[in-house]
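Here is the structure we will look at, set down as structure tokens.
The values are calculated or read from the model by the stated rules, or taken from the named source; none is laboratory data. Please read these numbers as outputs of a predicted model, since none were measured by experiment. Positions of Cβ are backbone-derived with ideal geometry, glycine not excepted, and every protein chain shown enters the neighbour counts. These area figures cover heavy atoms from the full protein model, side chains too; ligands, DNA and RNA do not enter into them. Shrake-Rupley method; radii C 1.70, N 1.55, O 1.52, S 1.80 Å.
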Amino acid sequence: MNLAELVDPPHAQGDVKLIRARDELRAALASVRGEGRSIGLVPTMGYLHEGHLSLLRAARAECEVVVMTLFVNPTQFGPGEDLDRYPRDEERDLRLAREAGADLVYAPPAEEVYPEGFSTKVEVAGELTGVLDGDPARRGPGHFGGVTTVVAKLFNSVQPDVAFFGQKDAQQVAVIRRMVRDLDFPVRIAVLPTVREADGLAMSSRNAYLDPRARQQATSLSRALRAAEETAPTAGLAAALDAARAELRVAGVEPEYLEARDAEELSEVAELGDRPVLIAVAAQIGGARLIDNVVI
Ligand code: AMP
């Protein structure tokens, strides 16, 4: 069946179907699944940019039905973070999602995801959620608890064959992969490379917070990572981190963290070995807290 046939006129948005209720989502996908068609899921918080669109296009190329979720998940924001001012433009998101090949956009209100009495958490314990962004002095493990809980719910509601995530959020990828493995979710996780602006800045909905000066400073993050990447093979990881720190210093950026870790376990590493090493950076630049990373 063509999904366009399922479109409910009041919700119609070209040939993308907008759904707000989980039961309606389930009903729409039950018929798709009954026909044996593969489902790809792209979870987002909206305010779409080319990074999101690359995930949608990959899903379009690989799956027969593409579901994008658009939900600014309150439980992954800490007190004092940017939940209230997180940029939103649903109309534009629907248009871009449709153009990139989404068949269905699930954009539930918060009460649909967290009804009264909601009291369950899905949490990956240990180092994966306790370091880098999960360090209690930063966003803390609660951030990833919010992420894994909502992603587990989305996996259950959509039951995708493949779910698409961006390498931009490297720790999120490591945490979700572990959750999927530990809880036997029958889904394959596909990870797509970080999409960047021409000057190297990793695309992010939060880049909208940058004034021109901060926008310029923000280019130092990718320069720093590139310096690390170039330095590491010959001079080692410590020198690579020094080279990255020097790039940030020149730009007047003080990182929240700049660390080298095992890309999968997120354990500390002192030297390059035979396993991929993640170099991750986070910094508050102007009005935006930005993250970026490279895997060597
Ligand atoms: P968000 O809306 O920021 O929660 O991101 C939704 C998905 O898009 C996540 O899997 C992100 O990792 C991914 N994503 C965000 N920015 C980028 C980027 N610049 N390149 C590739 N994927 C991205």
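Counting only DSSP H runs of at least 4 residues, each contributing -39500 (n - 2.57), and dividing by the residue count of the chain, the helix-based mean residue ellipticity at 222 nm comes to -12000 deg cm²/dmol.
Heavy atoms of the protein chains alone define the surface here; on that basis the chain has 45 Å² accessible area per residue at 1.4 Å probe size. Here the peptides 222-231, 145-154 are ranked by packing, the mean other Cβ count within 10 Å, and the order with the highest first is 145-154, 222-231. As a calculated quantity, the FRET efficiency between ALA251 and GLU271 at R0 = 30 Å, using C-beta atoms, amounts to about 0.65. Under a Gaussian network description of the chain, with springs only between Cα atoms under 10 Å, the residue in ASN207, ASN73, ASN156 that fluctuates furthest is ASN156. When each of the peptides 104-116, 254-266 is scored by how many other beta carbons lie within 10 Å of its residues on average, the order from highest to lowest is 254-266, 104-116.
With contacts taken as Cα pairs under 8 Å at a separation of at least 6 residues, the chain carries a relative contact order of 16 percent. Take each complete run of DSSP H in the chain, measure how far its Cα atoms stretch along the helix's own axis, and keep only those covering 24 Å or more with mean Kyte-Doolittle hydropathy at least 0.5; list them. Result, helices passing both filters: 141-158.
Between ARG181 and ARG95, the C-beta separation translates, for a Förster distance of 35 Å, into a calculated FRET efficiency of about 0.45.
Using the Cβ of ARG92 as centre and a radius below 12 Å, the other residues enclosed give a net charge of -2, where K and R count +1 and D and E count -1. Rounded to 0.05, the FRET efficiency of the GLU230 and GLU64 pair, given R0 = 45 Å and the Cβ-Cβ distance, is 0.60.
Of the solvent-accessible surface of the chain, computed with a 1.4 Å probe over protein heavy atoms with every protein chain present, carbon and sulfur atoms account for 49 percent.
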